[in-house]
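Structure record follows, encoded as structure tokens.
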Amino acid sequence: MTLRSEDLPRGDRFARWCELVDRALAPTRVTSAYADDFRASALFLDLGATRVSSLSTRRRARAALRR
């Protein structure tokens with residue numbers, strides 16, 4: 001299963017990400033100073049009794065946007 005936050009409505013991204021991580025990995029509390037513009041991806045691969053996961057987050061470089 002793959003999830004890209006950009007595929008979700010902007011206002012739902014952070015809440016859905018937190019819900020996914022909590023449900024798919026382990027009970028987790030996630031916070032972000034960038035929740036209003038949250039960008040992340042997750043890849044989950046089930047291999048029998050083992051689950052491999054890869055999580056990554058990105059945020060825009062605000063300094064680059066000012067240039």
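Cβ-Cβ distances below 8 Å connect the following pairs, each with a first residue in region 23-38 that is closer than 17 Å to LEU3 by Cα, a second residue that is open to solvent by less than 70 Å² (accessible area, probe 1.4 Å) and assigned to a loop (DSSP other than H, G, I, E, B), and a separation of six or more residues or different chains: PHE38/SER32. Contact map, region 43-67: first residue in a loop (DSSP other than H, G, I, E, B), second residue among the hydroxyl-bearing types (Ser, Thr, Tyr) and at pLDDT below 85, Cβ cut-off under 8 Å, separation 6 or more or different chains; pairs are ARG59/TYR34.
Checking ALA49 against (1) surrounded by 10 or more Cβ atoms within 10 Å (Cβ to Cβ); (2) at pLDDT 90 or above: exactly one of these is not met. Which one? Unmet condition: (1).
The values are calculated or read from the model by the stated rules, or taken from the named source; none is laboratory data. Note that the structure is a prediction, hence the values are computed from the model and not measured. All Cβ positions, glycine included, derive from the backbone under ideal geometry; neighbour counts span all protein chains shown. Keep in mind that these areas ignore ligands, DNA and RNA; they rest on the heavy atoms of the full protein, side chains included. Shrake-Rupley method; radii C 1.70, N 1.55, O 1.52, S 1.80 Å.
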